[in-house]
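The values are calculated or read from the model by the stated rules, or taken from the named source; none is laboratory data. This one's a predicted model, so the numbers in the text were calculated from it and none came from an experiment. FYI the Cβ positions are ideal-geometry reconstructions off the backbone, even for glycines, and counts take in every protein chain you see. Surface areas here come from the heavy atoms of the whole protein model, side chains and all, with no ligands, DNA or RNA. Shrake-Rupley method; radii C 1.70, N 1.55, O 1.52, S 1.80 Å.
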Amino acid sequence: MRVFIAGATGAIGTPLVRQLVARGHEVIGTSRSRERAERLHDFGAEPITLDVLDRDSVRSAVLDAKPDLIVNQATALSGLSDFKHFDRSFAQTNRLRTEGTDALLAAAREAGVRRFVAQSYACHRYAREGGPVKTEEDPLDPAPVSSMRETEEAMSRLDRAVTEAGGIALRYGSFYGDPDDEFVRAVRERKFPIVGDGGGVWSFIHLEDAAAATALAIERDGPAVYNIVDDEPAPTSVWLPELARVIGARAPQRFPRLLARIFAGEAAVVMATESRGASNAKAKRELGWTLRYPSWRQGFVDSYA
């Protein structure tokens, strides 16, 4: 197929381009940066410099490319550090998930493109009640903390828009596998503490495994939502000390909830103490997906040791 990837030079876009080219697909990839777009030549893809928020440019690019499928991986997640002001930090990504997705869907309709796959997110979104691991059928958090409401709504809006158009929303876990991961740097510098009992459950996914699931999803018809996570959701009190050990850092600090709320904000406290993980059973069953790293334990070692 001819596959149009918005955000093709991002953390997941790059391995996705490589994998799709290896599977015999013809890839047209976009980036906001001309320099980064040109690097796509090295992976065998056709580059386009494109701002996904420019609706007219998106329309022209899609009509000119004549793709069989559109994948939206456009985000602005690099350099994030201020989780106390969560929505402010994610404001540009929220626009890409809403306005950008709308522009791509409109272009897809005009171009007669029936298949559409978009990046969504699984972690910290499911209702903070009941068991520790949630499926795609479980309800999302009906009352997210105030500093996360705009971000949560942007992801929910993306899920709705994509599936209502007959597409597939992929709710990825927390990405890892980039050797320059700023998250790992924060753990090394002991800027990521265990809050309270550290009971908040996280689901992780290696970037290569996320790309592999996406490569399988583009070959399926929608509508559908899939959790793209590994087999081992884990509480912060388990995975954070292990990551620190793997990278040779000192054990993470421990903060009581009240102190963490003052310095890091309510969103960070909830993620560390109340979040639920996600199940990948549906994705493995319906996509025929096999993970290179079924657990973050080995993935952390291979990525960062």
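The table that follows gives values for the structure above.
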read-out: Karplus-derived HN-Hα couplings along region 281-295 (A = 6.51, B = -1.76, C = 1.60, θ = phi - 60°), whole Hz, x at Gly and Pro; value: 4, 5, 5, 5, 6, 8, 9, x, 8, 10, 8, 5, 10, x, 10
read-out: Environment charge of G173, counting only residues whose C-beta is closer than 10 Å and scoring Lys/Arg +1, Asp/Glu -1; value: -1
read-out: Dipole magnitude of region 211-305 about its Cα centre (Cβ charges: Lys, Arg +1; Asp, Glu -1), debye to nearest 20; value: 320
read-out: For R55, net neighbour charge (Lys/Arg +1, Asp/Glu -1) across residues whose Cβ lies under 14 Å away; value: -3
read-out: Sequence-distant residues sharing a close amide H with R171 (under 5 Å, placed H); value: S120, Y226, N227, I228
read-out: Relative contact order [Cα under 8 Å, 6+ residues apart], region 7-62, whole percent; value: 29
read-out: Mean residue ellipticity (222 nm) of the chain, computed from DSSP H runs ≥ 4 via -39,500 (n - 2.57), nearest 500; value: -11500 deg cm²/dmol
read-out: Whole-number accessible area per residue in Å² for the chain, which is evaluated in the context of all protein chains at 1.4 Å; value: 43
read-out: Other-chain or far-sequence residues with amide H under 5 Å of G29's (modelled H); value: I5, E46, I48
read-out: Selection from T273, Y121, S303, by position along the positive dipole direction of the chain (Cβ); value: T273
read-out: Debye-sum result for the chain in log10 I(q)/I(0), which assumes one identical scatterer on each alpha carbon, at q = 0.08, 0.09, 0.14, 0.16 Å⁻¹; value: -0.33, -0.42, -1.05, -1.36
read-out: Under 11 Å, Cβ to Cβ, from H206 - net charge with Lys/Arg +1 and Asp/Glu -1; value: -4
read-out: Selected from A161, A74, A118 as most flexible by GNM, with the chain as the system and alpha-carbon contacts under 10 Å; value: A161
read-out: Where trypsin sites (Lys or Arg not before Pro) fall in DSSP loop in region 84-123, at most 15 other Cβ within 10 Å; value: R114
read-out: Residues with amide H under 5 Å from that of R115, placed H, sequence gap 5 or more; value: I70
read-out: Residues D302 and E189, FRET efficiency given R0 of 30 Å [Cβ-Cβ distance, rounded to 0.05]; value: 0.85
read-out: Region 43-62 versus region 209-267: alpha-carbon centroid distance in Å; value: 31
read-out: Accessible carbon and sulfur surface of the chain relative to its total accessible area, %, 1.4 Å; value: 48
read-out: Distance in nm between pseudo-label sites at E286 and A127 (7 Å out along the Cβ direction from Cα); value: 2.1
read-out: Net lengthening on full extension, S60/Q92 (0.36 nm per residue, minus Cα-Cα); value: 9.3 nm
